[in-house]
């Protein structure tokens with residue numbers, strides 16, 4: 001592949017580049033962005049590669065329109081290859097209203113081939129190509145112009161090797177009949193709702209310190225208000241009110257401006273410009289019907305999963321995933337194992353499809369005593385005690 005990246009600053013150059021890339025069945029895609037001072041990421045650079053071609057596109061140029069790129073991202077005949085692509089995809093969804101399609105994520109694929117839950121791009125380059133890449137420009141300010149040669153080389157390295165890795169991984173997954181094992185995760189990545197979260201659910205991302213219904217209801221209203229305000233002004237949420245302050249507001253429920261002096265970290269105290277707005281939000285929360293108040297999923301009355309069963313399932317999962325060279329996270333979450341420990345017919349992903357074949361059926365046999373775990377020559381093994 002050509003090591004000299006083509007830096008594209010005009011629409012005509014972009015049209016030519018996209019025409020070249022569209023002759024390939026797969027194109028590697030990466031972006032560089034900043035979001036320290038905005039709610040939405042500010043796109044600063046787009047890198048594309050296929051075959052022997054690599055391009056760096058300048059979205060900040062006054063002489064470029066990205067329409068040809070957007071058309072390629074929507075071309076169903078071309079696979080768009082990302083590594084840990086959620087944030088990159090989020091940028092394109094914000095710009096176009098669509099999720100690129102079809103897509104392939106090499107970090108997800110890395111889970112299937114046993115390279116870990118969140119394998120870094122540099123790890124994949126080293127593993128497959130035995131190349132060490134320079135990551136020293138990772139935290140550079142990508143909005144500055146002109147970009148240095150070092151910055152451009154770093155940016156292009158992220159796609160130049162990615163497309164080669166994709167082809168290797170695709171062949172490996174196809175050979176082992178595991179390509180479809182990625183389907184659930186890729187499908188989740190393609191859901192547009194992932195990139196348009198409901199502000200009414202934003203309270204769930206906070207570290208909640210109380211499960212009282214009235215507290216949760218106020219927190220829901222406050223978090224939704226903050227999320228919507230951050231979106232409309234395109235500023236980070238914590239620039240409006242910090243998480244700890246939001247939790248304090250929900251907990252103390254101030255009834256007048258004077259009470260805001262006691263809210264730690266509240267901008268402006270009792271004279272803050274947000275005081276009237278927040279008082280109204282809290283009043284609206286109080287008037288909302290109790291049946292609409294949020295409910296925490298945790299049910300403290302529910303019996304805990306049998307501890308011994310749960311621990312055995314964890315050990316079995318570790319054994320099978322190590323044997324099959326696949327990341328445990330791809331098979332089952334802690335909640336999945338907890339559900340299986342309680343119920344043989346739980347509605348969970350590990351009791352469906354290839355996960356059931358690989359792990360679920362064995363786990364059920366372990367629970368019923370048809371198989372057992374044993375250690376021989378310092379290695380774990382399964383012992384079949386009776387016919388299934």
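Within the range 67-98, the set of residues being surrounded by 20 or more Cβ atoms within 10 Å (Cβ to Cβ) and assigned to a loop (DSSP other than H, G, I, E, B) comprises 78, 83, 85. Cβ separations smaller than 6 Å between residues 6+ apart or across chains give the following pairs from the range 43-55 residues that are under 15 Å from residue 68 (Cα atoms) to residues that are assigned to a strand (DSSP E or B) and modelled with pLDDT under 95: 55/6.
When every residue of the range 192-206 is checked against the conditions, none turns out to be farther than 30 Å from residue 217 by Cβ and outside any helix (DSSP H, G or I). Taking the listed residues 143, 137, the one that is over 26 Å from residue 186 (Cα atoms) and either at pLDDT below 90 or crowded, with 22+ Cβ neighbours inside 10 Å (or both) is 137, with no other qualifying. Against the test of being free of Cβ contacts under 8 Å to residues at least 12 places away in the same chain, more than 24 Å from residue 120 (Cα to Cα) and in the same structural domain as residue 170 (by TED's automatic domain parsing), the options 16, 10, 38 yield a single qualifying residue, 16. List the helices (runs of 4 or more DSSP H) that sit entirely inside the range 239-353 and contain at least 2 residues that are in the same structural domain as residue 374 (by TED's automatic domain parsing) and either surrounded by fewer than 13 Cβ atoms within 10 Å (Cβ to Cβ) or touching a helix residue (DSSP H, G or I) at 6+ places or on another chain (Cβ under 9 Å) (or both). Here the list reads 307-324, 328-331, 334-342. Only a single criterion out of (1) surrounded by 15 or more Cβ atoms within 10 Å (Cβ to Cβ); (2) out of contact with any strand residue (DSSP E or B) (no Cβ under 6 Å at 6 or more places or on another chain); (3) part of a helix (DSSP H, G or I) is not satisfied by residue 19, namely (1).
The values are calculated or read from the model by the stated rules, or taken from the named source; none is laboratory data. Worth saying up front: this structure is predicted, and the values here are computed from it rather than measured. Counting neighbours? That spans all protein chains shown, and the Cβs are built from the backbone with ideal geometry, glycine included.
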